[in-house]
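What follows is a single structure, written as structure tokens, with notes after it.
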2 protein chains.
Amino acid sequence: MPARNAFYAQSGGVTAVINVSAQAVIETARKYPKKIGKVYAGRNGIIGALTEDLIDTSKEPLENIRALGHTPAGAFGSCRYKLKSLEQNRREYERLIEVFRAHDIGYFFYNGGGDSADTCLRISQLSESMGYPLIAVHVPKTVDNDLPITDCSPGFGSVAKYVAVSMREAGLDVASMAKTSTKVFVLEVMGRHAGWITAACGLAAARTGDAPQVLLFPEITFNPQQFLAKVDESVRKFGYCAVGVSEGLQNADGKFVAESGLVDAFGHAQLGGVAPVIANLVKQELKLKYHWAVADYLQRAARHIASRTDVEQSYALGKAAVEFAVKGMNGVMPAVRRLSSKPYKWDIIAAPLSDVANREKKMPRDFITADGFHITQKCRNYLQPLIAGEAYPPYQDGLPRYVTLKNTAVRKKLGAFSL
Amino acid sequence: MPARNAFYAQSGGVTAVINVSAQAVIETARKYPKKIGKVYAGRNGIIGALTEDLIDTSKEPLENIRALGHTPAGAFGSCRYKLKSLEQNRREYERLIEVFRAHDIGYFFYNGGGDSADTCLRISQLSESMGYPLIAVHVPKTVDNDLPITDCSPGFGSVAKYVAVSMREAGLDVASMAKTSTKVFVLEVMGRHAGWITAACGLAAARTGDAPQVLLFPEITFNPQQFLAKVDESVRKFGYCAVGVSEGLQNADGKFVAESGLVDAFGHAQLGGVAPVIANLVKQELKLKYHWAVADYLQRAARHIASRTDVEQSYALGKAAVEFAVKGMNGVMPAVRRLSSKPYKWDIIAAPLSDVANREKKMPRDFITADGFHITQKCRNYLQPLIAGEAYPPYQDGLPRYVTLKNTAVRKKLGAFSL
């Protein structure tokens, strides 16, 4: 069988290391010239496939492909665009096949999270459902760390390292000012449905009394009175209190705390920002001086402080995806399997996409302390290896030298398609 | 004359590198045993002097003193406490002299910003005004970069590097998602009165179209219509818009934009947070999807991404302070003098404190583009050397190994003093 081309796309929220997986897919594909021809990337994810907006990665200088290994965000563009089921939107699947056929695409690599795994599963079934021969492999990625089967998700380790480092640094700041100034500091982090990132903040506290003294998880219903009592206790004991809070923190009525009160001058509800709500509560009830920070995209784009473990796994998973594909393994996702925590050992297994799609990995309750305000030793043992090691990008004139790809378009062969 | 002891205190908001100056003061003082005995640090700044809460730095293990060189925040504690004038509060000055005399303190090193320089100046006059022989030298420090005479202020270069790196990273994130998701990103940075830190965000943009496309300075009155037009233009041209905004941005009526609208559920004005106000405006008027981040303490505590130039200058200034003192130079501040920008060359001069105290260095208007929304090449030439070079801390288990000092107290000799 002659070599066929491969399609690679980035999907959903980007991370500090998704480009590392892209690099791995491209570099590994080149090691199998008898099986894989060119690697075409979708411009802005799956939208690039639907609109036949393909990027020819073979036109990219080698050093640019290598530089993906230290460049955050999505170098080919990503998108939030979920394909409906075949029954609901046959038109889009027929278009995909039309594009794949026009460009002789026989391999489909989709680099994304849970929703994308579902899309990848559907595409892996095209061979059977619509008679187009295609091997589809999912490359895992999500800062939310909520993919099942895999021990962790690429992108998470680097966010975890960022929030733990930031919390340790800001905690020292507050501690040194607390005598006469700020006594409570609130850092808001990502993770709307799962508290993995909030938990990672907790790694900053190596000893009793270290920041953060309080964590607010999306898994634990917010109890203002208990929270205020914890803050008060910390300020009395240690002179200050640093709080890590998930953007997804919920009230007893199941509503996001972030949406529970702030309105602008026109009375519009202010979207986002649980940190100011929490900080205001502390000020109103405890009369303590506060500061708050919202890390937002800074945390997931922070390649400058990426975890080496995360970088290595992102590469290994992209590489494994191609190796699975050339072996003819369709509808799978390479996953990290933890062999031991101390010393940290892991390998890669193949997870069937039917077991991955539409399943969220929640944080176990025993990763959170009984009072709901911190992480347990078990959680630390899980998290610690994931933030281990540094992997600094090169710098020029004081700034990281991130690559912007040329992203040369493949000549179109088909007519337009409206999304 | 026998050696006399030295007093060192940290004052005002801490930085990623103020401890580097502390290290330099302590290490340099040890090189002049005939002049300087012990270095006592004030616990929580000048409050430590007033309450006779002194720390004996000679009891600290050598490796801990060395580790100050890579540890952010104030290792001895800082404070916001401004001494009034001698006429207004003779009691405090008399107490200081009482404490200094009890512990044979002949040298006073004050590590702070503009307000602290004023305090240091008053203390340098104690010899004349109250007959207590003392040499007082100010060690400059402020992330606001608003000290006069010195070309830059220690602490600023590291914040500048942090915000430039963060903006570059978040900008790449937004660019890769903009096709279907977030189109406008707002990063709020410090600098209530001067736009130096906001300007540093601008360094992230190496080429036309790079993030940030828009900067909002405290020096330029906020004009919502012009701002929205700039954002709209950037989204049309580049697909997205990243905005760096100073916490001190003001409306035409001279009020802080941060305080111009948001109220909590109880109707209390929400303090702080210009980013959400700006982001809401974009959403209401341009109907664009947005994200916003508030860096807050993360930016000034970020030792993990400190500027090497900043670290080197912080050490050099602490060292020079001691060298000035042993030469008998009273009432001065070592200041950085820029000799050339390309290549970057600097040396240290002595600035009389009477020229430093209560004078703010504003950003020159020609550092801001004519339209008020970005920085000029002149500004880049000034800023660029200040963020140059990296100075990574050591890591352990994935986190920076910052030191917590033992901070052994000096035995008290006097009665209590109420602040």
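The values are calculated or read from the model by the stated rules, or taken from the named source; none is laboratory data. Being a predicted model, the structure only gives us computed values, none of them experimental. Cβ placement follows ideal geometry from the backbone for every residue including glycine, while neighbour counts extend to all protein chains displayed. Remember, those area values only see protein heavy atoms, side chains included, never the ligands or the DNA or RNA. Shrake-Rupley method; radii C 1.70, N 1.55, O 1.52, S 1.80 Å.
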| said: Please state the shape class of region A:10-53: rounded when a/c is under 1.5, otherwise prolate if a/b exceeds b/c and oblate if not, all from the C-alpha gyration tensor. | reply: oblate
| task | Compute the label-point distances linking B:Lys378 to its equivalents in the other copies; points lie 7 Å from Cα along Cα→Cβ; give nm, one decimal, shortest first. | result | 6.4
| field | Distance in nm between pseudo-label sites at A:Ser340 and A:Gln225 (7 Å out along the Cβ direction from Cα) | value | 4.9
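Can you say what percent of the DSSP beta bridges in chain B, counting only those with both residues inside, are antiparallel? Round to 5.
Values: 18 of 49 bridges.
Taking every DSSP beta bridge within chain B, about 35 percent pair in antiparallel fashion.
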| Quick one: label points 7 angstrom along Cα→Cβ at A:Lys406, distances to the other copies in nm, smallest first? | 6.2
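For an R0 of 45 angstrom, estimate the FRET efficiency from the Cβ-Cβ distance between B:Asp104 and A:Asp366 and round to the nearest 0.05. Kindly include the intermediate steps, with their values, before the conclusion.
On the way: r = 57 Å, r/R0 = 1.28.
Computed FRET efficiency for B:Asp104 and A:Asp366 comes out at 0.20.
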| field | Chain-alone versus full-assembly comparison, region A:64-92, residues with accessible loss of at least 50 Å² (1.4 Å probe) | value | A:Arg80
| remark: Percent antiparallel among DSSP beta bridges confined to region B:165-295, rounded to 5, stands at 10
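Nearest 0.05, what FRET efficiency do A:Ser127 and A:Lys237 give at R0 = 56 Å with Cβ-Cβ as r?
Numbers: r = 62 Å, r/R0 = 1.11.
About 0.35, to the nearest 0.05.
So what is the 222 nm mean residue ellipticity for the protein assembly as shown from helices alone, if each DSSP H run of at least 4 adds -39500 (n - 2.57) and you divide by all residues, rounding to the nearest 500 deg cm²/dmol? Don't skip to the answer; put the middle values down first.
Values: 28 runs with 286 residues, N = 838.
Calculated from helices alone, the mean residue ellipticity at 222 nm is -10000 deg cm²/dmol.
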| Computed P(r) (all Cα pairs; region B:1-159; 5 Å bins; percent) | 2, 10, 19, 23, 21, 15, 8, 2, 0
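Quick check: residue separation of A:Glu94 and A:Glu259 times 0.36 nm, minus the Cα distance between them. What number comes out in nm?
Details: separation 165, 0.36 × 165 = 59.40 nm, distance 4.09 nm.
Gain on extension, A:Glu94 to A:Glu259, equals 55.3 nm.
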| field | Evaluated over chain A, the Cα radius of gyration and Dmax, each in Å | value | 22.8, 75
| message | What whole-number distance in Å separates the alpha-carbon centres of region A:371-419 and region A:212-252? | response | 29
| said: Let me make sure I get this right: for region B:32-110, a, b and c are the square roots of the gyration tensor eigenvalues over alpha carbons, sorted descending. Under 1.5 in a/c it's rounded, otherwise prolate if a/b > b/c, else oblate. Which is it? | reply: oblate
| query | Where does region A:236-389 land on Rg(C-alpha)/(2.2 N^0.38 Å)? | reply | 1.39
| said: Defining the label point at 7 Å along Cα→Cβ, can you sort the distances from B:Glu94 to the same site in each other copy, shortest first, in nm? | reply: 9.6
| task | Could I have the simple spin-label model distance between A:Leu62 and B:His193, label points 7 Å from Cα toward Cβ, reported in nm to one decimal? | result | 5.7
| note | Quick note, region B:96-138: a/c under 1.5 would make it rounded; otherwise a/b > b/c is prolate and the rest oblate (a ≥ b ≥ c, C-alpha gyration tensor); here it is prolate
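Can you tell me how much longer the chain between A:Ser85 and A:Asp397 gets when fully stretched, taken as 0.36 nm per residue apart minus their C-alpha distance, in nm with one decimal?
On the way: separation 312, 0.36 × 312 = 112.32 nm, distance 4.91 nm.
Gain on extension, A:Ser85 to A:Asp397, equals 107.4 nm.
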| At what distance in angstrom do the alpha carbon centres of region A:340-370 and region A:120-174 lie from each other? | 11
| message | Give me the summed buried accessible area for the B-A pair, 1.4 Å probe, to the nearest 100 Å². | response | 6400
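Which value in Å is the Kirkwood Rh of the protein assembly as shown over different Cα pairs? Write down the numbers at each step before the final one.
Details: mean 1/r = 0.0358 Å⁻¹.
Radius from the Kirkwood sum: 27.9 Å.
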| field | Portion, in percent, of the accessible area of chain A that falls on carbon or sulfur, probe 1.4 Å | value | 50
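Please give the charge dipole size of the protein assembly as shown, origin at the Cα centre, charges +1 on K and R Cβ atoms and -1 on D and E Cβ atoms. Round to the nearest 20 debye. List each step's numbers first, then the result.
Working: 102 positive and 80 negative charges, 323 e Å.
The calculated dipole for the protein assembly as shown is roughly 1560 debye.
As a test of the definition: which semi-axes, in Å, follow for region B:85-184 when you take the square root of five times each eigenvalue of its alpha carbon gyration tensor? Largest first, please. Before the final figure, lay out the partial values.
Working: eigenvalues 439, 31, 25 Å².
Equivalent ellipsoid semi-axes, largest first: 47, 12, 11 Å.
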| Using 1/(1 + (r/R0)^6) with R0 = 35 angstrom and r between the beta carbons of A:Asp355 and B:Thr180, what's the FRET efficiency to the nearest 0.05? | 0.80
| Mind checking the angle between helix B:114-124 and chain B's longest principal axis? C-alpha axes, 0 to 90 degrees, to the nearest 10. | 10
| task | For region B:388-402, state which residues have at least 30 Å² less accessible area in the presence of all protein chains than in their chain by itself, taking the probe as 1.4 Å and leaving out ligands, DNA and RNA. | result | B:Glu390, B:Tyr392, B:Tyr395, B:Asp397, B:Gly398, B:Leu399, B:Pro400, B:Tyr402
